[in-house]
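Report on the structure given below.
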Amino acid sequence: MSDRNRTHASPGFSLVELMVALVISLILIAGVIKIYEGSKQAYRVQDNQARLQENGRFAMYFLSKDIRMAGYMGCGRITTFTPNVIASSPPMTPLFDPDTVIGGYDGGTWPATFPAKPTNLVPGTDAILVRFASASSVSLTGNLSATDANIQIDSNPDGFQAGDLLFVTDCSHADVFRATSVSKGAGGIITIAHSMSQNTSNNLSTLYTKGSQVMAFQYSLYYIGTTTTPGVDALYRVSGNSASGGGPEELVDGVQDMQLLYGLDTDGDGAANQYRTATQVDAITNGWQQVVSVRLNLLLESRENHLTQTPQQLRFNNTVYTAPDQHLYAAFGDTVTLRNRTF
């Protein structure tokens, strides 16, 4: 048989060559896995950081918005006159005066001027209560008499209803009453009664002229509370203006702590001269009347753990905070001015 027609067998791979190829393959696979794990961890960290920033911005927005409104009562100013309250069974006593348009809690006895203490309040965290009239208003159009047991407005965009606490003000006087009925009559005129069934008097304190403002009374209690998810706390708000108020509303999860300082104007120039805790303000005669700003400090925690190699350290509430685990943490701070005390 000629060499041309002879078949040659393949020599194949030796055991050593196979082992070398296997080792190289394992190294390459390990490298791919390491790259994947690194990319996944980087994505987890970035995703949790983004959520922390978003939650922090939302929490600061809610708090700042309502704190700025503390003491708002339309065109009038709480610094020049105090509203006359005729509403029976208000959710808080006193309802609205220079001492109570803003108040704080930082431990100890729950303030008597606050709504009921939340059952899920996280110990060691602060709470703040602000009271104000709604930003929107309607004009008084009829029944312009201090002795009438009702007032009239030409529209009801805010949906006033029986049981609501309402303001009426002409910039020099103000009354807070509870609506006993809200009815629509001929020509679309809305009549709001304030009879003695839910008020201490049928009469308002003065003769309000056409064009006086009518607004809803509102309050907001902010605090840090536990959630239904173990280990996760959140920023809560209790708000409303009815006799029972509203239930706790979870606004932003992952808020672990809130610490507040209150800026006091001790020389009457409209600017804070010193910052004090709620307990310290309580100890000052007419201390809450001097509050013109609030310094907010929030500590937020990521949902996921094992995002850092070592426990994180950051500055929170003027101290160095060391994390107890490998969650991500972020501190947020701002100083909010009470517009109705300084302008």
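Suppose we filter the stretch 267-306 for residues that are farther than 25 Å from residue 225 by Cβ, surrounded by 13 or more Cβ atoms within 10 Å (Cβ to Cβ) and touching a Pro at 6+ places or on another chain (Cβ under 9 Å); how many remain?
Within the stretch 267-306, residues that are farther than 25 Å from residue 225 by Cβ, surrounded by 13 or more Cβ atoms within 10 Å (Cβ to Cβ) and touching a Pro at 6+ places or on another chain (Cβ under 9 Å) number 1.
Among all residue pairs at least 6 apart or on different chains, which show Cβ distances below 7 Å where the first residue, located in the stretch 90-115, is in contact (Cβ under 8 Å) with a residue 60 or more places away in the chain and surrounded by 17 or more Cβ atoms within 10 Å (Cβ to Cβ) and the second is among the charged types (D, E, K, R) and not in a strand (DSSP E or B)?
From the stretch 90-115, the pairs are 104/126; 105/126; 106/126.
Can you tell me how many residues within the stretch 145-198 are among the β-branched types (Val, Ile, Thr), over 23 Å from residue 218 (Cβ atoms) and modelled with pLDDT of 90 or more?
Total meeting the criteria: 1.
Filter the strands (runs of 3 or more DSSP E) completely within the stretch 87-198 down to those with at least 2 residues that are touching a Lys or Arg at 6+ places or on another chain (Cβ under 6 Å) and of a type in the set (A, V, I, L, M).
Hits in the stretch 87-198: none.
If you take the residues of the stretch 182-226 that are farther than 26 Å from residue 92 by Cα and of a type in the set (S, T, N, Q), which of them is surrounded by the fewest Cβ atoms within 10 Å (Cβ to Cβ)?
209
Filter the stretch 250-271 down to the residues that are among the aliphatic types (A, V, I, L, M) and at pLDDT 95 or above, then identify the one that is nearest to residue 330 (Cα to Cα).
So the residue we want is 255.
Is the stretch 118-130 home to any residue that is crowded, with 21+ Cβ neighbours inside 10 Å and over 30 Å from residue 232 (Cβ atoms)?
no
What are the pairs with Cβ atoms under 9 angstrom where one residue, in the stretch 16-27, is surrounded by 11 or more Cβ atoms within 10 Å (Cβ to Cβ) and the other, located anywhere, is not in a helix (DSSP H, G or I)? Sequence gap at least six, or different chains.
From the stretch 16-27, the pairs are 21/13.
Consider residue 146 carefully, then state whether it is closer than 16 Å to residue 174 by Cα and touching a Leu at 6+ places or on another chain (Cβ under 7 Å).
The answer is yes for residue 146.
Considering (1) touching a Phe, Trp or Tyr at 6+ places or on another chain (Cβ under 7 Å); (2) exposed (fewer than 14 other Cβ atoms within 10 Å of the Cβ); (3) of a type in the set (Val, Ile, Thr), say which one residue 252 fails and leave the rest.
With (1) touching a Phe, Trp or Tyr at 6+ places or on another chain (Cβ under 7 Å); (2) exposed (fewer than 14 other Cβ atoms within 10 Å of the Cβ); (3) of a type in the set (Val, Ile, Thr) applied to residue 252, the lone miss is (2).
Residues are listed down the side, and each one gets a yes or a no for (1) among the aliphatic types (A, V, I, L, M); (2) under 28 Å from residue 340 (Cα atoms); (3) over 19 Å from the mean Cα position of the chain (by Cα):
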{"position": "44", "(1), (2), (3)": "no, no, yes"}
{"position": "47", "(1), (2), (3)": "no, no, yes"}
{"position": "57", "(1), (2), (3)": "no, yes, no"}
{"position": "67", "(1), (2), (3)": "yes, yes, no"}
{"position": "71", "(1), (2), (3)": "no, yes, no"}
{"position": "96", "(1), (2), (3)": "no, yes, yes"}
{"position": "119", "(1), (2), (3)": "no, no, no"}
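The values are calculated or read from the model by the stated rules, or taken from the named source; none is laboratory data. Note that the coordinates shown come from a computational prediction; the quantities given were computed from them, not determined experimentally. Cβ sites come from the backbone with ideal geometry, for glycine too, and all protein chains shown count toward neighbours.
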